[in-house]
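My questions will all concern the structure given below.
Read-outs throughout are calculated quantities, based only on the coordinates presented, and are distinct from any laboratory measurement. These numbers come from a predicted model, not from an experiment. Backbone-built Cβ (ideal geometry, glycine too); neighbour counts: all protein chains shown.
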Amino acid sequence: MSTADSPRPPVLEKTGSHAAPRPLPDPDAPPVTRAGRFWSARRVPAVLLALVLTGASGLFLYDVVAVRAGHSAMSWRKDLAQGLAEHRLDNTWVLVGAGIAAALGLWLLFLALTPGRRRLLPMRRPYEGVRGGLDREAAAMVVRDRATQVSGVRSAHVSVRRRKVKVRALAHFRDLDQVRAELSLALGSTLTELGLARTPRLVVRVRRPGKD
C-alpha cells in the first residue's frame with residue numbers, strides 16, 4: 001500500500017476511564033466552531049482601579065472609625081463635606097468633576113464589554129478545543145513580502161485591520177492597471193492562505209514613485 005493510500009493514524013480520546021480511538025479531523029473541513037476574538041485580562045487597569053478604590057476606602061473607613069472612637073474628623077473630609085454643601089450643582093468645578101467621573105466610568109465600561117487584544121487576529125478552528133491567533137504585524141509582513149514578489153512592484157506598505165487590509169504599492173515599470181490586477185489576485189490568495197476566521201477585505205492602490 002502506498003503512503004498516499006495509508007489511513008490516518010488514530011488518536012486516543014479519553015472517555016471516562018477508557019481510551020477510545022478516533023480518526024484525526026480533516027484540516028480541509030469547515031470550522032467545527034466559531035472563532036471569536038481573544039479577550040484581554042486587562043491586568044493593569046484592574047490593578048490601578050483596585051489600588052485607588054482600596055486607598056480611598058481605607059481612608060474613609062479609618063476616618064469614620066476615628067470619629068466613632070471620639071476623635072475629630074480629618075481636615076480634608078471636613079473641607080470636602082463643606083465644599084459639597086456650599087457649591088451648587090451648576091458650579092463649574094462640580095460639572096468638571098462630574099464629567100471626569102462620567103468619562104472614567106464609560107472608559108471602564110468599554111474595557112469591560114470589549115474583548116481587547118486588537119492586534120491578535122483569530123484564525124479558523126478546524127479542531128475542537130484548539131484556538132489560534134495571528135499577530136497583525138506578522139500578517140502584514142507576509143502580505144508585504146508577497147506583494148514585493150509581483151513583477152513591477154518596487155515597494156509596498158501594508159496596513160492590516162480586523163476587516164480590511166490596505167496595500168499601497170509603488171510600481172516603477174509596467175502598466176499600473178496590470179500591476180494592480182496581479183496584486184489583487186496574488187494577495188487575495190495570500191489572505192485566504194493565512195487561515196483567518198474572517199478573511200479581511202483587500203484594498204490595493206498602486207502609484208508611481210514620487211506621485212500622490
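List the trypsin sites (Lys or Arg not before Pro) within segment 126-168 that fall in a DSSP loop (any state other than H, G, I, E or B) and whose Cβ has at most 11 other Cβ atoms within 10 Å.
Here the trypsin sites (Lys or Arg not before Pro) that fit, given the DSSP loop and packing criteria, are Arg163.
Work through the residues other than Ala73 whose Cβ is under 14 Å from its Cβ and net out their charges, Lys, Arg +1 and Asp, Glu -1.
Overall, the nearby charge balance is +1.
Same structure, new question: Using unit Cβ charges (K, R positive; D, E negative) and no other charged atoms, how large, in debye to the nearest 20, is the dipole of segment 43-113 about its Cα centre?
With Lys and Arg at +1 and Asp and Glu at -1, about 180 debye.
Here is a follow-up. DSSP loop GluC sites (Glu not before Pro) in segment 120-212 with at most 16 other Cβ atoms within 10 Å of their Cβ, which ones?
Hits after loop and neighbour filter: Glu128.
Okay, next question. By how many nm would the segment from Arg161 to Ala73 lengthen if fully extended, with 0.36 nm per residue of separation less the alpha-carbon distance?
Net length gain for the segment: 26.2 nm.
Can you sort Arg37, Arg43, Arg201 by how many other beta carbons sit within 10 Å, fewest first?
Arg43, Arg201, Arg37
Fewest first, what order do Leu48, Leu176 take by the number of other Cβ atoms within 10 Å?
Leu48, Leu176
Can you quote the Å³ per residue value for the convex hull of the Cα atoms in segment 43-113, rounded to an integer?
Convex hull volume per residue, Cα atoms: 109 Å³.
Suppose R0 equals 25 Å. What FRET efficiency, 1/(1 + (r/R0)^6) with r the Cβ-Cβ distance, do Thr199 and Arg43 give to the nearest 0.05?
0.20
Once a ≥ b ≥ c are taken as the square roots of the eigenvalues of the Cα gyration tensor of segment 71-212, is the result rounded (a/c under 1.5), prolate (a/b larger than b/c) or oblate (a/b not larger than b/c)?
Verdict is prolate for segment 71-212.
Against the empirical 2.2 N^0.38 Å scaling, what ratio does the C-alpha Rg of segment 131-201 come to?
1.09
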